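After the structure tokens below, expect a handful of questions from me.
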Amino acid sequence: MKKYILFFFILCTLAFSSILASAQCNPATASPIRCGFYDEGYQDGASDGRSNQNDDYRRYRSKFDRQYESFYRDGYSAGYDSVRPSTRWTNSQRSAYNSGYTIGLNDRRSPGRNSVQGALGRYDQNIALYFQQGYDDGFSGRNRTYDVPVGTNPPLPGPGGGGGGGGGNTGTAFWSGRVDDRVNVIFRGNSITTQNISGNTLQTFTQGINGRMPNRPSIITARKTDGRGDVTVIQQPDRSNNFTTIVEIFDRNSGADNYRFELSWAAAANVEEPYSSGNVRWRGRVDQTVNVIISGNSVQSQDTTGTGLSNVTFDLNGYLANRPGSVNVRKRNGRGTVTVLQQPSRFNDYTAIVQIFDPNSGADNYEIDITW
């Protein structure tokens with residue numbers, strides 16, 4: 001009988017720990033005093049995360065005694081993670097990545113085969129990013145890599161790091177397909193499109209971008225790995241063409257041939273532009289923490305806690321120039337707080353980050369004005 005009682009106690013403890021791991025304490029399953037310590041810890045953890053303090057609940061030791069330390073600690077950890085979360089993937093994200101990796105590896109072993117588009121349809125937009133990352137890694141022959149930012153969820157920029165929404169300082173991309181005469185392959189951000197200039201045949205086999213092409217002047221180079229004709233970069237990205245790269249494939253011989261090429265780029269580091277005023281009006285439904293990342297004429301929304309972001313729209317006027325500047329934010333609607341988390345500087349590739357923090361239970365509608 002004692003064994004059953006002990007087993008039941010362990011199950012209850014695990015269940016209660018799971019409850020405390022959430023952003024809100026559930027008063028239906030925990031006493032008011034325990035929820036009080038949890039909620040107090042949550043607010044302190046979120047405050048430390050926003051002010052770039054290290055993750056240490058013990059600096060608030062005077063607020064709790066040993067009896068309630070675990071409740072305060074778990075609340076503090078949940079609050080801190082809501083602002084500065086780890087990048088650990090969920091089981092669904094990891095499963096999508098593994099599926100993509102296997103399909104990419106199989107396509108790599110079968111030239112001309114392209115299974116990615118049909119398989120992508122099985123996933124929603126957010127999970128599809130992990131599938132695509134897995135496919136790209138598998139097709140390129142790289143090792144499996146988990147718990148890293150993918151797709152439109154870039155890492156926060158920092159000294160020496162990539163520029164968030166502006167893309168990385170360096171990166172690679174690839175394209176393979178069948179061409180007759182002349183084709184343009186167009187790269188911008190994390191998208192690839194093709195344009196059949198002349199000829200009867202255009203078929204895309206595989207394509208992908210490892211990261212995101214930068215929203216700043218860059219030097220793009222192309223290396224042909226398959227095909228009898230010419231592969232040439234005919235347009236380098238700059239502000240005048242909306243940072244768009246165009247690669248021309250020219251197959252001079254009669255009939256079609258299979259082509260494959262790889263792109264690499266090196267962004268011109270810390271090239272300052274003249275000041276240009278601008279603004280963004282951003283709208284969305286937020287639960288917990290969202291970062292709005294602005295670089296050049298790119299605006300991205302990053303759900304840092306993964307608890308819910310929907311109905312996102314924005315209006316952008318002008319662009320955020322590559323220069324140090326002062327970005328301001330004003331909240332028009334929403335119950336939480338809005339803060340400029342990072343100002344543009346040479347240390348973050350001139351990227352601005354505005355954070356929306358909604359501490360209450362459930363989601364709320366926000367509308368904010370960001371100006372510079």
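Go through region 51-166 and tell me which helices (runs of 4 or more DSSP H), entirely inside it, have 2 or more residues that are at pLDDT 80 or above and out of contact with any strand residue (DSSP E or B) (no Cβ under 7 Å at 6 or more places or on another chain).
69-83, 91-109, 125-140
Right, something else. Under the condition of being assigned to a strand (DSSP E or B) and open to solvent by less than 70 Å² (accessible area, probe 1.4 Å), which residue from region 314-336 is farthest from Tyr275 (Cα to Cα)?
So, considering only residues that are assigned to a strand (DSSP E or B) and open to solvent by less than 70 Å² (accessible area, probe 1.4 Å), the one farthest from Tyr275 (Cα to Cα) is Val329.
Looking at region 218-264, which of its residues are open to solvent by 50 Å² or more (accessible area, probe 1.4 Å) and in a loop (DSSP other than H, G, I, E, B)?
Correct list: Arg228, Gln236, Asp238, Asn242, Arg252, Asn253, Ser254.
If a residue has to be more than 18 Å from Gly284 (Cα to Cα) and in contact with a Ser or Thr (Cβ under 6 Å, 6 or more places away or on another chain) to count, how many in region 346-369 make the cut?
Residues flagged as more than 18 Å from Gly284 (Cα to Cα) and in contact with a Ser or Thr (Cβ under 6 Å, 6 or more places away or on another chain) within region 346-369 amount to 1.
Right, next: For region 301-310, check the following and say yes or no: at least one residue is assigned to a strand (DSSP E or B), open to solvent by less than 70 Å² (accessible area, probe 1.4 Å), over 23 Å from Ala46 (Cα atoms) and modelled with pLDDT of 90 or more.
no
Something else about it: Considering only region 189-201, state which residues are crowded, with 19+ Cβ neighbours inside 10 Å and assigned to a strand (DSSP E or B).
Scanning region 189-201 gives a single hit, Ile192.
The values are calculated or read from the model by the stated rules, or taken from the named source; none is laboratory data. This structure is a prediction, so every number in the text was calculated from the model and none was measured. No Cβ is skipped: glycine too gets one built from the backbone with ideal geometry, and neighbour counts run over all protein chains shown. Heavy atoms of the whole protein, side chains included, go into the accessibility calculation; ligands, DNA and RNA do not. Shrake-Rupley method; radii C 1.70, N 1.55, O 1.52, S 1.80 Å.
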